[in-house]
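Below: one structure, written as structure tokens.
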Amino acid sequence: MGRQPFGLASPAAWLREAGADVTCVDLTREKLTDERIELAEVVAFFLPMHTATRLAVPVVQRVRLTNPGARLIAYGLYAPLNESLLREHGIDDVLGGEFEQALVEAAFRPATAANRSQPAPLPRLEFRVPLRDGLPPLSRYATLQIAGERRTVGYTEASRGCKHRCRHCPIVPVYDGRFRVIQANVVIADVRAQVAAGARHITFGDPDFFNGIGHAERIVRTFAEEFRNVTYDVTIKVEHLLKHADMLPLLVSTGCAFVTTAVESVDDDVLAKLEKGHTCADFERAVTLCRNAGVALAPTFVPFTPWTTGPRYLDLLHTIDRLALVEHVAPIQLAIRLLIPQGSRMLELEDVRAVTGRFDPRSLTYPWVHCEPAVDALQSDLTQLIGVKISLSRSELFGKVWDLAHARANAIAQRTAPPLVARSTIPYLNEPWYC
């Protein structure tokens with residue numbers, strides 16, 4: 001996600017407290033040397049997302065070959081989803097959500113002890129303040145562009161898991177509709193340490209910041225009192241933006257620069273299959289509410305699913321254009337293809353199973369092929385276009401996506417006149433996240 005990882009810093013604090021000599025290596029920013037591998041008695045791999053897990057597999061193999069006596073642990077959302085594959089590559093212990101205490105126990109278990117998986121009940125932890133002194137400086141991570149200036153970004157979490165069970169979400173197989181809060185004093189202490197290290201903006205990485213609305217309110221009010229010149233961003237479901245619309249002015253007054261919301265689709269049939277809990281009309285209401293409150297909205301999408309058609313894709317582009325959201329949407333969001341990992345609830349649907357192949361251990365997904373080859377070809381070409389034209393502005397790149405999609409559909413490509421909005425007025429991170 002382009003941020004200094006809470007998922008390394010938090011367990012590092014627990015392990016240090018338990019007496020371990022801890023070394024953190026963020027492989028998105030630094031190399032793992034053979035010397036570090038050889039010195040380790042335990043190596044734990046944080047697997048929070050799909051891409052991270054794919055990239056970790058060859059590293060796991062390398063560590064096992066370099067230090068065959070080390071105990072290897074995998075933890076994070078994607079660890080239990082890929083347990084059998086990870087064990088084939090030498091992982092001893094597999095831990096999912098709320099992993100800190102279990103990680104300490106696994107790290108200090110005798111080498112001869114039996115391998116383990118985390119038990120099903122999710123514990124309620126008393127968190128420690130994350131230990132970040134062994135990680136690369138914040139200056140090496142994502143930055144925020146806001147009001148003509150660039151701000152160093154920190155990252156923390158106020159909660160984990162989610163109350164909801166959106167069918168495509170990788171959180172669901174692990175948390176299954178549950179969420180856990182991180183104590184407010186720990187959250188604020190973590191922010192304080194990052195502000196002291198140079199952060200002027202904080203990303204709250206909660207899957208949904210409004211899952212616990214009282215907890216969220218306490219966090220932002222305390223944040224604003226102590227960090228008066230620091231901004232933040234959060235992720236909130238469309239239905240929660242509507243349900244808690246009265247909280248939007250509080251977000252603005254406490255320094256919220258923008259809100260990410262997982263819209264996924266503007267087709268109500270697709271939204272129902274994904275069990276997102278909102279409709280396209282709800283999304284449009286949320287856009288209006290946020291705009292009226294002065295909250296910048298950053299929608300994310302999964303535009304390519306087994307139900308995507310050429311006209312439906314054009315409808316997505318027209319909706320973004322009509323709602324004046326072109327500059328709000330990271331271009332990669334226009335090309336994302338539905339991932340179906342191990343444990344996905346997508347496989348509950350017969351029409352998904354009909355286009356899905358066997359699990360592929362290389363991609364860590366169930367590959368699927370659209371019944372219309374032209375749709376898959378469009379997605380592939382858009383990915384190539386967006387990946388090559390990275391120097392273009394969002395508006396320019398949207399225009400190229402618009403022209404390509406309309407040309408493939410033999411449709412007229414007339415657009416709404418773009419609003420005269422300077423890009424600098426809409427805050428954005430230079431590493432927009434996606435799985």
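Reported count of residues in the range 234-244, each being of a type in the set (D, E, K, R) and crowded, with 16+ Cβ neighbours inside 10 Å, is 2. Yes or no: Glu83 out of contact with any helix residue (DSSP H, G or I) (no Cβ under 7 Å at 6 or more places or on another chain) and open to solvent by less than 70 Å² (accessible area, probe 1.4 Å)? Judged against the criteria, Glu83 is a match. Total residues in the range 221-258 satisfying the condition of being in contact (Cβ under 8 Å) with a residue 40 or more places away in the chain and either over 15 Å from His201 (Cα atoms) or not small (Gly, Ala, Ser) (or both): the figure is 13.
Applying the condition of being in contact (Cβ under 8 Å) with a residue 40 or more places away in the chain and touching a helix residue (DSSP H, G or I) at 6+ places or on another chain (Cβ under 7 Å) to the range 320-330 and asking which residue is most open to solvent (accessible area, probe 1.4 Å) yields Glu327. Looking across the range 20-46 at every residue that is more than 21 Å from Arg132 (Cβ to Cβ) and touching a strand residue (DSSP E or B) at 6+ places or on another chain (Cβ under 8 Å), the one that is most open to solvent (accessible area, probe 1.4 Å) is identified as Glu41. Here Ala262 fits the description: open to solvent by 20 Å² or more (accessible area, probe 1.4 Å), modelled with pLDDT of 95 or more and under 12 Å from Pro299 (Cβ atoms).
Consider Leu364 carefully, then state whether it is of a type in the set (A, V, I, L, M, F, W, C) and modelled with pLDDT of 95 or more.
The answer is no for Leu364.
For the range 197-233, the set of residues classified as within 17 Å of Leu429 (Cα to Cα), of a type in the set (Val, Ile, Thr) and surrounded by fewer than 24 Cβ atoms within 10 Å (Cβ to Cβ) consists of Val230, Thr231, listed by residue number. When the range 47-80 is filtered for residues that are outside any loop (DSSP other than H, G, I, E, B), of a type in the set (A, V, I, L, M) and open to solvent by 20 Å² or more (accessible area, probe 1.4 Å), the ones remaining, listed by number, are Ala52, Leu55, Val57, Val59, Leu65. For the range 123-178: of the residues being open to solvent by 40 Å² or more (accessible area, probe 1.4 Å) and aliphatic (A, V, I, L, M), which is nearest to Lys31 (Cα to Cα)? Among them, the one singled out is Val129.
The values are calculated or read from the model by the stated rules, or taken from the named source; none is laboratory data. Note that the structure is predicted; figures quoted are calculated from it, not measured. Virtual Cβ from ideal backbone geometry, glycine too; neighbours counted across all protein chains shown. Side chains included, ligands, DNA and RNA excluded: accessible areas come from the protein's heavy atoms. Shrake-Rupley method; radii C 1.70, N 1.55, O 1.52, S 1.80 Å.
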